[in-house]
1. Going through the stretch 162-174 one residue at a time, which ones are free of Cβ contacts under 8 Å to residues at least 60 places away in the same chain and crowded, with 21+ Cβ neighbours inside 10 Å?
2. Name every residue in the stretch 80-101 that is open to solvent by 10 Å² or more (accessible area, probe 1.4 Å) and not in a loop (DSSP other than H, G, I, E, B), in order of residue number.
3. Being modelled with pLDDT of 80 or more and touching a strand residue (DSSP E or B) at 6+ places or on another chain (Cβ under 9 Å) is the filter; apply it to the stretch 123-135 and report the residue that is surrounded by the most Cβ atoms within 10 Å (Cβ to Cβ).
4. Might you let me know whether the stretch 102-114 holds any residue that is modelled with pLDDT of 85 or more, among the basic types (Lys, Arg), outside any loop (DSSP other than H, G, I, E, B) and under 18 Å from residue 159 (Cβ atoms)?
5. Do the conditions hold for residue 67, that is, is it more than 15 Å from residue 95 (Cα to Cα) and either free of Cβ contacts under 8 Å to residues at least 60 places away in the same chain or not aromatic (Phe, Trp, Tyr) (or both)?
6. Tell me whether the stretch 115-122 contains one or more residues that are modelled with pLDDT of 85 or more and open to solvent by 30 Å² or more (accessible area, probe 1.4 Å).
7. Report, by residue number, each residue of the stretch 23-35 that is under 22 Å from residue 117 (Cα atoms), touching a residue at least 12 places away in the same chain (Cβ under 8 Å) and out of contact with any helix residue (DSSP H, G or I) (no Cβ under 7 Å at 6 or more places or on another chain).
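The values are calculated or read from the model by the stated rules, or taken from the named source; none is laboratory data. Because the structure is predicted, anything quoted here is derived from the model rather than measured. Ideal geometry is used to build each Cβ from the backbone, glycine not excepted, and the neighbour counts take in all protein chains shown. Side chains included, ligands, DNA and RNA excluded: accessible areas come from the protein's heavy atoms. Shrake-Rupley method; radii C 1.70, N 1.55, O 1.52, S 1.80 Å.
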Amino acid sequence: MAATIAITDDDAVTRETLKSYLTDEGFDVLLARSAEELKDLLAAASVDVVLLDIRLPRQDGLTLTRELRAVSEIGIILVSSRAEKLDRIIGLEMGADDYIAKPFEPREILARVRNLLRRLKAPGDQRDDRKRCFSGWTLWLDRMRLTDPQGNPVRLTGAEFELLSTFVCNPGRVMNRDYLLTATTRRKTDATDRTIDSLVRRLRRLIETDPADPRLIVTVHGTGYLFAGDVTQDG
């Protein structure tokens, strides 16, 4: 069954160009000109990935990303101009899975959509099972999957997964922010210390019993962070 992609952009040329290209590649494509139109599409159809322009009329893509992530696990790829580096960082912090800068090649959009779809479907992939277990949680490194102590899947964005993987693969090691940036944001040359701190806060809200008093991801003042949980390996 073909995946469904919703292209949300107020520029008609961009919408139609991407629709033609992605349709030729076998995807079902829906179009929206605004946040309101996208919401109507999502209410009426099952969508796998949203290509979302940051600069939309009335409600911008960043605000919409936050709203969507609060209620849905839909894949979100933000589209922005090269001048909007801060917007792209904020978008990732709000829960977007990826971003791409304008001008772009449709082939790059295709590659990013396919990569995101593979990751979203990864929990059902049984080929590889390397995992790390800590405090009842289990992180599958090859399937990009996290389950809570009750065995329920917990969705992670790509950046959250990369950071948590870095922590659980290096328990007890103090890592500064520069190292964590290198390990988790290889493509995002505009990332900053703020990006790591924001990701740490999000991970703490997910895995810590009390995020205000973290026992797993511990701050080492003046240096960075360390993962203080007991980690066991399997696979």
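1. 163, 164
2. Answer for the stretch 80-101, where residues must be open to solvent by 10 Å² or more (accessible area, probe 1.4 Å) and not in a loop (DSSP other than H, G, I, E, B): 81, 85, 86, 87, 88, 89, 90, 92, 93, 98, 99, 101.
3. Once the filter is applied, the top-ranked residue is 132.
4. Yes - at least one qualifying residue is present in the stretch 102-114.
5. The answer is no for residue 67.
6. Yes, some residue in the stretch 115-122 is modelled with pLDDT of 85 or more and open to solvent by 30 Å² or more (accessible area, probe 1.4 Å).
7. Scanning the stretch 23-35 gives 26, 27, 28.
Matching residues to (1) within 15 Å of residue 91 (Cβ to Cβ); (2) touching a strand residue (DSSP E or B) at 6+ places or on another chain (Cβ under 6 Å); (3) at pLDDT 90 or above; (4) aliphatic (A, V, I, L, M):
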position	(1), (2), (3), (4)
23	no, yes, yes, no
29	no, yes, yes, yes
36	no, no, yes, no
47	no, yes, yes, yes
55	yes, no, no, no
